[in-house]
Amino acid sequence: MDENGNLGVFIPSNLITMNNDMIRACYNVVTNEMRLLLVAMAKTPKIITPKDNYKGVDGFCIDDYKLDPFTPYYISKEDFIKLGVEPKNAVREIKSACDDLMNKQVTLKSEAGEHIFNWVSSVFFVKTDSFERLKNRYLEDPDYIKELKKQGRDDVIQTFEYVINSEENVIARIVFTPDALKYIALLQKEFTKFHLEDLGKFTSFYSFRIYMLLMIWQDTGMYFVTLNDFRKILQITDKYVEICDLRKRVLNVAMKEINEHSSFKVDYKLTDKSGKSGRGIKVSNIRFNFRLKKENQLLTNDGKKSPSWQKKGLSDAQIRKLHINIKEFVDANTGKISPNDRRDYGEIFDSWIPQLKDPATVLSFNKIQELLDRKQDLIDKQQEAIK
């Protein structure tokens, strides 16, 4: 906890969090730029400011942790492949994302006015062949390091250090602006979280944006917005003016991709301001209805359906089962414990219960299924003995 009472937490690396105002904001990035930003967002640590009775802390606390707005985030070829990009095209796609990202802005509108800022303060695209040659020189030639320091090339030095100590095939390095970072890392109650893989196969920028907007309303399964506001958010106020074009180029494309590749089933209706639709109705609004797919369950490596807790979080009964092997469970997850933590096993386990119940964070724990299965095996043996 820092001097301002903020908790430093790490979110699982496949989880993206965004302030709801940021999701509703206006920004005109293309598909590859959206991918680049989302990958970097998933890698950012988060600080969640406690509110009265606020229980939404994910991850684990780090003593004296502070969020550094100048921290670079690295994007690898594999990151883009996981988002559905063809391996042979991944480097080119990352390059296209880097080309114009410095010029892309976010516009947050409020009663007080418009807050406009850039997404990133720095973009570094790595030319693989040249970088590999210079990396070897960096490792072997102390004078080259001195030369880089004289030139003030901290970005190059940091990138070398990262690549040397990583097995990733790094292609790009970006630094968020402080204004952007606070909306994805300095979080309070009004924020939304979703998994990076849920957006993995989207190819349309509109699919990304509409999906993110829907996720704000996961609890209700319905998003109702005026067409004017919808066009402003997607930056299409002067595009697809005819409703038939809006359907064809934006809505139908996004619905197809979200329905095929995400965890949700979505449909929409164009309505009047009261939500009515049909012939003779003057269209002014759009209503999205969505629900989690019944068949949406993770699969294990052998193709079998995975346990329901991986999508729903652990139940109270399952948590009690873990508690039976509390020492072994806590020891298997020591990476979540600060070196200065002096709490006992029970206190640590109790502090993890909200995360174990949350499907967004439960997968970050080790040994859950093994311990649940072990307990079940014991019950089965006892029942066999009784028989």
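Residue by residue, the stretch 211-223 carries 3J(HN,Hα) couplings of 4, 4, 5, 4, 5, 4, 10, 4, 5, 9, x, 8, 10 Hz when phi is fed to the Karplus relation 6.51 cos²θ - 1.76 cosθ + 1.60 (θ = phi - 60°); x denotes Gly or Pro.
With the simple spin-label model, which puts each label point 7 Å out from Cα in the Cβ direction, the residue 273 to residue 149 separation comes to 6.6 nm. Taken over the alpha carbons of the stretch 86-218 as equal point scatterers, the Debye sum produces base-10 log I(q)/I(0) values at 0.09, 0.10, 0.13, 0.14 Å⁻¹ of -0.40, -0.49, -0.78, -0.88.
To put it simply, the accessible area of the stretch 98-201 at a 1.4 Å probe is 45 percent carbon and sulfur.
What is the stretch 230-294 by shape, rounded, prolate or oblate, if you read a ≥ b ≥ c off the alpha carbon gyration tensor as root eigenvalues and call it rounded for a/c under 1.5, prolate for a/b larger than b/c, and oblate otherwise? Because a/c hits 1.5 or more and a/b fails to exceed b/c, the stretch 230-294 counts as oblate.
Rg ratio for the stretch 140-222: its Cα radius of gyration over 2.2 N^0.38 Å, N being its residue count, equals 1.65.
Sequence-ordered 3J(HN,Hα) estimates for the stretch 316-322 from the Karplus curve with 6.51, -1.76 and 1.60 and θ = phi - 60° stand at 4, 5, 5, 5, 5, 5, 4 Hz, glycine and proline given as x.
Between the amide H of residue 191 and those of 20, distances stay under 5 Å, these residues lying 5 or more places away or on another chain, with hydrogens modeled in the peptide plane.
Evaluating 6.51 cos²θ - 1.76 cosθ + 1.60 at θ = phi - 60° for every residue in the stretch 103-118, the Karplus couplings come out as 9, 8, 10, 10, 10, 9, 9, 8, 4, 7, x, 10, 9, 10, 8, 7 Hz, glycine and proline recorded as x. Solvent-accessible surface (1.4 Å probe) assigned to residue 98 amounts to roughly 10 Å². A crude spin-label estimate for the pair residue 70 and residue 127, with each label 7 Å from Cα along the Cβ direction, gives 2.7 nm. Could you tell me which of rounded, prolate or oblate describes the stretch 218-263, using a ≥ b ≥ c as the square roots of the eigenvalues of the alpha-carbon gyration tensor, with rounded for a/c under 1.5 and, failing that, prolate when a/b is larger than b/c and oblate otherwise? The shape class here is oblate.
Which shape class, rounded, prolate or oblate, goes with the stretch 101-153 when its Cα gyration tensor gives a ≥ b ≥ c as root eigenvalues, a/c under 1.5 marks rounded, and past that a/b bigger than b/c marks prolate? It comes out prolate by the Cα gyration axes. When the dipole is taken about the Cα centre of the stretch 192-261, and only Lys, Arg (+1) and Asp, Glu (-1) are charged at their Cβ, what size is it in debye, to the nearest 20? About 180 debye.
Loop-resident GluC sites (Glu not before Pro) (DSSP state other than H, G, I, E or B) in the stretch 134-171 with no more than 14 further Cβ atoms inside 10 Å of their Cβ: 167, 168.
The values are calculated or read from the model by the stated rules, or taken from the named source; none is laboratory data. Predicted, not measured: the structure shown is a model, and the values here were computed from it. All Cβ positions, even for glycine, are placed from backbone atoms using ideal geometry, and neighbour counts span all protein chains on display. Keep in mind that these areas ignore ligands, DNA and RNA; they rest on the heavy atoms of the full protein, side chains included. Shrake-Rupley method; radii C 1.70, N 1.55, O 1.52, S 1.80 Å.
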